[in-house]
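Derivation of every value follows stated rules applied to the coordinates shown; laboratory data play no part. Because the structure is predicted, anything quoted here is derived from the model rather than measured. Quick reminder, even Gly has a Cβ in these numbers, built from the backbone with ideal geometry, and neighbours come from all protein chains shown.
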């Protein structure tokens, strides 16, 4: 998408349109999109809904979707999930509960 925006923006500049006007148009478009997304958003609350989102995020890998949705469910919406590469062929979920204070 950004490639298209740059290509079309360059064409407009070549035809004499101000780069500032192009930027302002992009910002208006961004705001319109954000407002639309705010209107149609749906909170994800159940484990099944988390699983469905995870399916899309993992390219429909059922095993990874189950792990990811379980991780999100256990950590909550404000939790942090850290994924790191392993040295084996196994994929596991390890949950560590701790608090972090920013001073």
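Remarks
- Nearest-ten-degree value, helix 47-57 long axis tilted from longest Cα axis of the chain: 50 degrees
- Residue with peak Gaussian network fluctuation, the chain [Cα springs, cutoff 10 Å], from 86, 25, 16: 16
- Over the residues of the chain, the helix contribution to mean residue ellipticity at 222 nm works out to -19000 deg cm²/dmol, using -39500 (n - 2.57) for each DSSP H run of at least 4.
- Based on alpha-carbon atoms, the Kirkwood radius and the radius of gyration of region 44-103 give Rg/Rh equal to 1.01.
- One decimal place: the segment residue 35-residue 87 gains 14.3 nm when fully extended, by the rule 0.36 nm per residue minus the C-alpha distance.
- Compared with the alpha-carbon gap, the fully stretched path from residue 80 to residue 42 is longer by 11.6 nm at 0.36 nm per residue.
- The Cα center of region 10-42 and the Cα center of region 55-84 differ in position by 33 Å.
- Under the Debye formula (equal points on every Cα, no solvent term), log10 I(q)/I(0) of the chain at q = 0.18, 0.21, 0.24 Å⁻¹: -0.93, -1.07, -1.25
- Angle in degrees between helix 62-75 and the longest Cα principal axis of the chain, rounded to the nearest 10: 90 degrees
- Computed lengthening from residue 4 to residue 28, 0.36 nm per intervening residue step minus Cα-Cα distance: 6.9 nm
- Neighbour-count order for 93, 67, fewest beta carbons within 10 angstrom listed first: 93, 67
- Residues 58, 80 in ascending order of nearby Cβ atoms (within 10 Å, fewest first): 80, 58.
- Panel order for 39, 84, by other beta carbons found within 10 Å of each beta carbon, from fewest to most: 84, 39.
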